[in-house]
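Asker: Below: one structure in structure tokens.
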Amino acid sequence: MTRNHIDVWHHRALPSGPGRVRLRTVLRGSLLPILVWTGVAAAAYVLYDPVATAALGGVFAAAFLVGFGLRRRAGHSVRCCAYGALGGVLDKSLAWL
């Protein structure tokens, strides 16, 4: 994939050039992972037990906290850490797709 394809793909979700990214933009760029994880959580709740859904949420929260801590240690702002950790968890969780 060339840089031009990547720019065209993200044209509607990401701003052109450096700028402030809002939470809405991060979530809009991560709709597929959000839908997949919502479906997985609903299936775990129905098929197994609410405890399985809570465990899945705990794994998600742990991955978020690790990403947040790594970004914070690198010297990023709190907002950048939160948005980057959320986007990173959603992005890396569906790397197999």
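Asker: Treat each spin label as a single point 7 Å out from the Cα along the C-beta direction, and report the Ala55 to Asp91 distance in nm.
Answerer: With each label point 7 Å from Cα toward Cβ, the separation is 3.0 nm.
Asker: Can you work out the FRET efficiency for the pair Thr25 and Tyr48, with r the C-beta to C-beta distance and R0 = 30 Å, to the nearest 0.05?
Answerer: For Thr25 and Tyr48, the calculated efficiency is 0.30.
Bear in mind that the values in this text are calculations on the coordinates, not laboratory data. Just so you know, these numbers come straight off a predicted model, no measurement behind them. All Cβ positions, glycine included, derive from the backbone under ideal geometry; neighbour counts span all protein chains shown.
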